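Here the structure is laid out as structure tokens; the discussion comes afterwards.
The values are calculated or read from the model by the stated rules, or taken from the named source; none is laboratory data. Source: prediction; values computed, not measured. Positions of Cβ are backbone-derived with ideal geometry, glycine not excepted, and every protein chain shown enters the neighbour counts. Ligands, DNA and RNA are stripped out before the accessible areas are found, and what is left, the full protein with its side chains, is counted by its heavy atoms. Shrake-Rupley method; radii C 1.70, N 1.55, O 1.52, S 1.80 Å.
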Amino acid sequence: MSGPVGLTSIIAQAAAGFADLGVLGAAAPLLADLGWDGQIDRGGGRSSVGSRYPRAAAPSVRRSLGIHYTPAPVARGLTSLVLGKNGRVGSPAPLRIGDPACGAGAFLVAAAEWLRSGGAPVEQIVSEQLFGADVDETALALARLEIARWSAEATGTVHVVPAAHLVAGDSLLEGDPESWIGRRAGMDVVLGNPPFGSQLRGGTVRERSRQRRLADALGVGALGYADTAALFLLRAVDLVRTDGRVALVLPWSIAAAQGSRSIRSAVGGRAQMTDVWVGGDDVGFDAAVSVWAPVLVKTDRPGESTTIRRFSGEAVRASDTVETTLDPSSWAPLLDPQLHHRRPAYPRRGPDLAEPAETIASVAEVTAGFRRHFYGLAPHTRDDPSGVERDPVLVTTGAIDPLHHRVDTSVRFAGRSYVRPVVDVTGLEAEGSAIAKWVRSMLVPKVLIASQGRVLEAIVDAEGSMIPSTPAIAVLPRETSAVTVWQVAALVTSPLTAVQLRASAAGTGMDGRGCRVTAGFVRALVLPSDQRAWDVGADAARCATAASAQGNGTEWIRQLDRLGEAMLQAVSGTSPTAADDRRDVLDWWIDQRPPWRGARLLSR
């Protein structure tokens, strides 16, 4: 069997491990299946082949298959979390544990260790209790090898998982009905780390024919942009018996992305969440995203309200317990401890609280440019490093920090770098460009909002001299409204808005950690009722913007803190408990927002 570059060395190191255990002869057939050349290499130590195999694959292969190696402590911790509740070890019917995308077997080995610690015989574990599947046949062979080495270390005898229990195939499409992935409700537990596959761009985007086949197989009307890992979560629920348990490592985006809502709804209709592990982005996980894992129990009577235990860190330690109602629109509040504080909400404006809330949509136009605006501006954008031109400045979403237009670094737009990009409006109009009217409409006072971030980031264009580059969002207060751009800026950059954004969109940013901001989210923000506190926040927004323009990072930070305190004061009254809540939210917001990242003098 051929494999990626580096596989020969991995197998030679595995052979050394078997040799040290005195069972190389018994392991030789397994090694031969992988193309072992008879060499022994003791340079790799005793680390698992599973930890080295993903890194041996070419980056393009890893990206296309969504391969991410799971650290052994995480695999052990999650396995113990989900299996520790099952209580069937030692019963007449041995526990059946499946991993529908097992790779090189990290979770299967962790499950084997847990079963053995509960008294199950090693031979029984290997021959009857472990089931895996993967589209990568080399990874499957390595999983079989890894489990065999574990059995040899435990007993001095090589035990091999039956071929029918480790199958090559696509678990999402069921396959052979005689295979364990072809039968529904056959497993007691399904766990693992499925491939992550964003459907917005790149080599993981599904073809239309596969999209239709998957929708039919999973019983979901339309998959939309649901991440591949979300599909595995739903499939895992189908693979376990009633009262069986599921735990899968997932990217944060699945908890909040609109594209995964149908999957969240389907899962919530078939299972109850009992626990959640919040791994974040610092647990040694081999992926450029924050990760988490729900623990689900399949039931015929899923409830709406539940108590969920929360765990965190590489060691999967208990952190707290929360009472929550799972809303398929977003599970993101489960992932951030701050979102479970009793957090304030802006009261509705006006003396009659029964009347509809007044929102940004009622006082301003909120718009985001389209693709045609992006490409239409490209040929009419030029660099003005000296800052002497009077043409409006083009503002990209990456140049927006909270009340700070970043000019400390070059700006990338339409494949080019600029020191100070400006738009030739006259040239646009002379050419008769269809977007010239849109550009003119933008030359008014407004607030420009970055399309993603850990908190909501916005700058104020008080002079109407900036043009937003798609996908930045523009908020243009109506002339008939008394609400100013500074008040809008104070509201959208406030701590409470950041909490609301995180609760609805955690992990949906392109980096897998931040939040995607939509025009719809901005339109729905409710205006504060405490006018005095709101005015203080607006003044702080004005002062922070002035400090930014002067390159005064210390004053910028001070004014942002002042803004946060004022806007939270506007929402939660004067009780001691409310004050404590405000402090918690403010501290969280200060920790999440970007630091001062400098300024640059625009000159030759």
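Run the 1.4 Å probe and let me know the accessible area of Trp596, rounded to the nearest 10 Å².
That residue has around 60 Å² of solvent-accessible surface.
Evaluate the charge dipole of the range 95-167 about its Cα centre and quote only its size in Debye, nearest 20, assuming +1 on the Cβ of each Lys and Arg and -1 on the Cβ of each Asp and Glu.
160 debye
Principal axis lengths of the range 397-534 from Cα atoms, whole Å, largest first?
Computed over the Cα atoms, the extents are 47, 40, 27 Å.
What is the distance, in nm, between label points placed 7 Å from the Cα along the Cα-to-Cβ direction at Arg412 and at Ser481?
In this crude spin-label approximation the distance works out to 3.3 nm.
Could you check the spin-label model distance between Ala154 and Asp587? Points 7 Å from the Cα along Cα→Cβ, value in nm.
Once both label points are built, they end up 4.4 nm from each other.
What figure in square angstrom, to the nearest 10, would you give for the accessible area of Asp37 with a 1.4 Å probe?
The accessible area of Asp37 comes to roughly 90 Å².
Note down the nm distance, to one decimal, between modelled labels 7 Å out along Cα→Cβ at Val135 and at Arg597.
Going by the 7 Å Cα→Cβ label model, 3.5 nm.
Just read off the accessible area of Met442 with the full protein assembly in place, 1.4 Å probe, to the nearest 10 Å².
10 Å²
Quick check: residue separation of Asp300 and Gln531 times 0.36 nm, minus the Cα distance between them. What number comes out in nm?
So the extension gain works out to 78.1 nm.
Quick one: grab the alpha carbon gyration tensor of the range 479-578, order the square roots of its eigenvalues as a ≥ b ≥ c, and give me rounded if a/c is under 1.5, else prolate or oblate depending on whether a/b is larger than b/c.
Rounded is the answer for the range 479-578, as its axis ratio a/c remains below 1.5.
Accessible area of the range 122-178 with a 1.4 Å probe: how many percent of it is carbon plus sulfur?
46 percent
For the range 70-199, just say rounded, prolate or oblate: build the C-alpha gyration tensor, square-root its eigenvalues into a ≥ b ≥ c, call rounded for a/c under 1.5, and beyond that prolate if a/b exceeds b/c, oblate if not.
rounded
Cα gyration tensor of the range 416-482, axes a ≥ b ≥ c as square roots of the eigenvalues: rounded (a/c below 1.5), prolate (a/b > b/c) or oblate?
It comes out oblate by the Cα gyration axes.
Where the accessible area of the range 427-503 is counted over protein heavy atoms with a 1.4 Å probe, how much of it, in %, is carbon and sulfur?
53 percent
With every protein chain kept in the model, how would you rank Arg301, Arg416, Arg478 by accessible area, 1.4 Å probe, largest at the top?
Most to least solvent-accessible, the answer reads Arg301, Arg416, Arg478.
For the range 226-280, with all protein chains present and a 1.4 Å probe, just round the carbon and sulfur fraction of the accessible area to a whole percent.
47 percent
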